[in-house]
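In what follows, a single structure is set out as structure tokens and then discussed.
The values are calculated or read from the model by the stated rules, or taken from the named source; none is laboratory data. All of these numbers come straight from a predicted model, not from anything done at the bench. Because the Cβ atoms are built from the backbone with ideal geometry, glycine has one as well, and the counts that use them run over all protein chains shown.
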Amino acid sequence: MYEEIKVCPVVGQCPYSPIKINPNHYFLIEPFDGERELRELAVEIGLETRYGKNNFELITADRQISPEKGLFCDICKKIQSCQICIADITPIKNGGSSVIKENVMLELGMAYGFQKPVLVLSQKIDGKRYIPSDLGFIRYIDIPYCDWGGLTINLISRLTGIEGIGYIKKKILPNQLDLIMEMISVYEAIIWSKKYQKEIDGEDAKVIEFRIINKGHPIAIIKNCKYLKNGMILKLFNIESGIEQYCGTLKVFHLQKSDDLAQAYYMCDDDSKDIWGEKVNNILLNNNVLAAFSNRLYVHIPTIFKGTDIRDLEKTVFVTKSMMGNI
């Protein structure tokens with residue numbers, strides 16, 4: 001399918017006409033504001049949920065820029081070649097007034113001029129909805145206040161016809177809530193571990209002592225914890241004569257950033273049971289405190305997450321938090 005452009009206000013005859021329409025290409029019309037990253041992520045997750053990964057492409061004015069064309073021609077061609085446009089017409093505060101950005105109105109007019117289907121997004125400003133009178137016919141998709149995850153759900157609802165976020169929340173049983181929140185915590189720790197694995201493996205984080213409190217789990221006190229995060233898992237290695245020997249894992253549960261310290265539970269497994277048995281006895285015989293042996297820490301990422309892309313994990317957390325009302 002092709003669209004023919006007869007007259008261009010910039011160059012007269014369009015040198016790129018006819019322009020092929022690319023199926024499943026979506027052009028996002030948006031203001032260049034501080035919310036861009038969250039807006040684009042919310043829209044991208046909605047499209048991926050509806051159509052599946054790699055089955056769509058989200059285009060913006062500053063993505064896939066063609067250097068041989070001027071800015072106007074580049075945007076014009078993107079709008080012509082997309083299947084659907086998505087436009088955020090939320091006004092931007094400017095002094096005492098709220099104004100829809102000029103680029104948004106221009107690109108929206110071009111989209112309608114090229115007879116493109118347009119999904120219009122709108123957010124209330126100070127409790128009021130600003131829709132210009134000549135756009136009053138629009139059936140907009142609401143952006144809940146400070147809730148870009150809510151936009152994702154509302155966009156999915158429009159694309160699929162399924163119920164929105166309120167319906168999803170009602171389907172979550174009370175006893176499932178803690179499990180869901182625990183899952184979010186695990187995913188966030190994995191995301192952090194993947195992002196900063198090189199820094200953590202290469203930094204000077206070390207266990208400086210072990211403690212036993214109320215005959216409970218051994219607790220490791222870690223120094224130099226700049227890149228550590230609650231919930232992350234670390235592998236502990238004893239170093240003797242330059243040789244590293246695996247001694248189990250540590251789960252970080254408390255950060256003392258002001259002192260550059262972290263506390264972590266020691267978790268024994270079959271590979272470290274014999275090594276640690278002697279160490280625990282030493283702790284109990286020495287006032288529940290043991291000065292740490294020479295050691296090194298490495299990030300531990302569970303096998304099931306090793307091949308998982310960070311962005312996929314971030315999307316899962318983003319949508320789940322939005323359903324829980326925590327974003």
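Scanning segment 286-327 for residues that are over 22 Å from LEU228 (Cβ atoms) and of a type in the set (Gly, Ala, Ser), we see that the one that is modelled with the lowest pLDDT is GLY325.
When the residues of segment 191-214 are filtered to those that are farther than 23 Å from ILE301 by Cβ and touching a residue at least 12 places away in the same chain (Cβ under 8 Å), the one that is surrounded by the fewest Cβ atoms within 10 Å (Cβ to Cβ) is ILE213.
Within the bounds of segment 22-37, is there any residue that is over 26 Å from PHE318 (Cβ atoms) and either modelled with pLDDT under 85 or assigned by TED's automatic domain parsing to the domain that holds PHE72 (or both)?
First, the residues of segment 22-37 that are over 26 Å from PHE318 (Cβ atoms): 22-23.
Remaining after also requiring either modelled with pLDDT under 85 or assigned by TED's automatic domain parsing to the domain that holds PHE72 (or both): 22-23.
Yes, that holds for at least one residue.
Can you name every residue in segment 231-285 that is closer than 19 Å to HIS300 by Cα, at pLDDT below 80 and among the hydrophobic types (A, V, I, L, M, F, W, C)? Across segment 231-285, the qualifying residues are MET267, CYS268, TRP276.
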